[in-house]
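Comments concern the structure below.
Every number in this text was worked out from the coordinates using simple rules, so none of it is lab data. The structure displayed is predicted, hence computed values, not measured ones. Virtual Cβ from ideal backbone geometry, glycine too; neighbours counted across all protein chains shown.
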Amino acid sequence: MEEKDVVIIGGGPGGYVAALRGAQLGARVALVDKGSLGGTCLSRGCIPTKALIKSVGVLLAARRAGQFGVEVGDVRPNFQKMMARKDRIVATLVSGIGQLMKANGVSVYRGEGRILSPHQVKINDKEVAAGKIVIATGSEPARLPVPGSDLPGVVDTDGVLRLNKLPASLVIIGGGYVGVEFAGIFNGLGSKVTIVEMLPALLETVDEEISALMLRSLHKQGIQVELGAKVEAIEENGELLKVVWDSPDGERSVEGKMVLMATGRTPYTGGLGLAEIGVEMDGPAVIVDGHLETKVKGVYAIGDVLGKHMLAHVASYEGEVAVENALGGHREADYHAVPSCVFTQPEIAAVGITGTEACQRGLSCKVSKFPFAASGRAAVMDETAGLVKMICDARSGAVLGIHIMGPNASDLIAEGALAMQMGATARDIASAIHAHPTLPEAMREAALGQLEGSIHFHTPPASRQVNHGSEGY
């Protein structure tokens with residue numbers, strides 16, 4: 001029987017990073033995966049969607065070229081070429097991970113892994129002895145249990161990325177970050193898009209003010225949004241599909257050529273044999289301690305299978321923490337500065353607490369804002385919608401949360417995440433020289449708003465009370 005120091009089941013952004021980190025530390029590592037390396041994120045999630053978002057961004061920019069003094073001819077999307085480009089990018093990155101595995105001496109097994117004991121894993125018909133085991137099997141799309149959810153034309157996020165023809169109209173069930181991103185993609189390509197969301201607001205985990213601004217932005221883009229709409233059924237109506245929900249005014253519905261289920265994901269542990277070895281579960285999610293170890297000593301779990309922070313970068317972080325602990329370390333997972341990004345038009349990014357959370361915790365906070373309308377770089381880019389919103393402790397000035405809607409927000413949030421991780425204050429950020437003209441200047445201006453005031457935007461001194469308003473700039 002082959003022996004390994006660590007056997008990792010699942011080759012997504014958590015599993016493959018754990019494998020590489022284990023190899024760096026000198027361990028004999030086996031990585032088990034039944035699909036392509038990179039998991040959902042690389043093949044059916046983060047990367048393919050961002051490839052399409054980039055294509056749509058180029059399309060929209062080309063249509064606005066005249067505003068920059070550039071004359072272009074007829075600009076049209078070629079959906080098939082966009083999808084082919086997306087597939088090429090995915091294939092290149094998957095191949096790259098395979099090369100990293102070879103270069104680092106990681107043994108890759110193709111197939112299903114089942115845990116026979118805390119020190120033994122069966123891969124197809126082969127058994128491998130494992131010093132430690134890391135579960136990184138990820139998640140799967142959650143289907144809404146309503147009549148008609150299995151009708152032809154109802155697809156999940158995996159299915160929509162396999163389309164070869166652009167739907168004339170699309171109803172998206174779910175107003176979280178996945179649903180809103182797909183709405184931007186298909187609306188930009190010319191589909192008539194409607195978002196149907198059960199909750200009273202979009203993007204549940206996003207700061208209320210940012211969420212309200214994004215709702216207005218979607219309306220301006222021509223995307224219809226139905227909030228507080230708990231879907232009761234999906235019905236066929238000729239060549240269209242009708243999504244039906246109840247409202248205080250009676251039954252309401254919207255029709256589309258296709259329906260996308262963007263209703264979240266659920267941890268996947270099928271066939272692992274966790275119950276047999278005594279791993280404690282919370283429904284479909286695996287329970288771990290602060291070191292990411294399950295109740296069964298020597299068996300760890302990371303990523304979406306935990307059912308908490310379902311983000312690729314969190315899974316990668318947890319992969320490093322878990323494998324270091326499996327090899328003798330004592331590192332505790334730290335989640336107080338987890339950035340999140342929504343790749344919409346414009347982008348949204350955040351780290352730390354929202355204004356609502358600050359109030360719920362009874363914290364004394366200051367809130368400052370800086371609009372991109374006052375940013376020279378944003379003006380040059382002709383992308384002035386949105387703002388940087390900073391929440392700091394009223395006494396110490398420590399950064400508690402940063403929320404951004406605007407150009408390149410997904411890149412700008414890195415400074416906020418680092419500030420929170422290092423325990424920085426608004427004065428620390430303001431004291432750092434930021435290059436001009438750049439977008440990160442908006443972060444410094446928001447930090448100055450916590451102090452004597454922004455330089456390039458006049459506002460009253462930051463309030464000690466968290467402001468829940470939805471005023472925009």
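Taking 7 Å steps out from each Cα toward its Cβ at LYS308 and LEU227 produces label points 3.0 nm apart. Counted by Cβ distance under 9 Å from GLY401, the other residues give a net charge of -1, where Lys and Arg count +1 and Asp and Glu count -1. Amide H contacts for GLY148 (H built 1.01 Å from N in the peptide plane; partners 5 or more residues away or on another chain; cut-off under 5 Å): ILE234. Scalar couplings 3J(HN,Hα) for the range 311-325, obtained by applying the Karplus form with A = 6.51, B = -1.76, C = 1.60 to θ = phi - 60°, are 10, 4, 5, 6, 4, 5, 4, 5, x, 5, 4, 5, 5, 5, 5 Hz; x denotes Gly and Pro.
Around the Cα centre of the chain, unit charges on the Cβ atoms of Lys, Arg, Asp and Glu (plus for the first two, minus for the last two) sum to a dipole of about 1060 debye.
Residues whose amide H falls under 5 Å from that of TYR300, counting only those 5 or more places apart or on a different chain, are ILE133, VAL134, ILE135, THR294, with hydrogens built in the peptide plane. Placing a pseudo-label 7 Å from each Cα along the Cα-to-Cβ vector at VAL70 and ASP334 gives an inter-label distance of 4.3 nm. In the range 154-263, inverting the average of 1/r over every pair of distinct C-alpha atoms gives 14.0 Å as the Kirkwood radius. Annotation for the range 309-366: trypsin sites (Lys or Arg not before Pro) lying in DSSP loop with at most 10 further Cβ atoms inside 10 Å of their Cβ are ARG361. log₁₀ I(q)/I(0) of the range 340-448 at q = 0.13, 0.14, 0.21 Å⁻¹, via Debye over equal Cα point scatterers, no solvent, to two decimals? The Cα Debye sum returns log10 ratios of -0.42, -0.49, -1.08. The GluC sites (Glu not before Pro) found in the range 421-461 that occupy coil by DSSP, while having at most 13 further C-beta atoms within 10 Å, are GLU452. With kT/(6 pi eta Rh) evaluated at 20 °C and eta = 1.002 mPa s, and Rh the Kirkwood radius from Cα pairs, the range 204-324 diffuses with a coefficient of 117 µm²/s according to Stokes-Einstein. Taking other C-beta atoms within 10 Å as the exposure proxy, PHE68, PHE343, PHE370, PHE457 rank PHE68, PHE457, PHE343, PHE370 from fewest upward.
Pairs exceeding 21 Å between alpha-carbon atoms, taken from LYS132/LYS295; LYS230/LYS389; LYS102/LYS295; LYS192/LYS389: LYS230/LYS389; LYS102/LYS295; LYS192/LYS389. Among beta bridges identified by DSSP and lying wholly in the chain, the antiparallel ones come to about 60 percent. Here the simple spin-label model places points 7 Å from the Cα toward Cβ, and for HIS434 and ASN237 these points are separated by 4.8 nm. Each principal axis of the chain carries a Cα extent, and these read 69, 62, 49 Å when sorted largest first.
Neighbours of GLY113, meaning other residues whose beta-carbon lies under 13 angstrom from its beta-carbon, give a summed charge of +2 when Lys and Arg score +1 and Asp and Glu score -1. When a/c is below 1.5 the answer is rounded, else prolate if a/b is larger than b/c, else oblate, so apply that to the range 251-403 with a ≥ b ≥ c taken from the square roots of the Cα gyration tensor eigenvalues. Oblate. When MET381, MET405 are sorted by how many other C-beta atoms sit within 10 angstrom of their C-beta, beginning with the fewest, the order is MET381, MET405.
Projecting the Cα atoms of GLY176, ALA446, ILE391 onto the charge dipole of the chain, computed from C-beta unit charges around the Cα centre, puts ALA446 farthest toward the positive end. Over 10 Å intervals from 0, what percent of Cα-Cα pairs in the range 91-221 sits in each interval? The calculated distribution, bin by bin, is 9, 26, 24, 21, 17, 3. Segment ALA142..ARG361, full-extension length gain: 75.7 nm, with 0.36 nm per residue of separation and the alpha-carbon distance subtracted. Please give the net charge around GLY283, taking every other residue with its beta carbon less than 15 angstrom from that of GLY283, where Lys and Arg add +1 and Asp and Glu add -1. Counting the neighbours of GLY283, the net charge comes to -2.
Taking one equal scatterer on every alpha-carbon of the range 33-164, how large is log10 of I(q)/I(0) by Debye at q = 0.16, 0.20, 0.22 1/Å? The Cα Debye sum returns log10 ratios of -1.00, -1.20, -1.27.
Rg and Dmax over the alpha-carbon atoms of the range 300-349 stand at 13.1, 45 Å.
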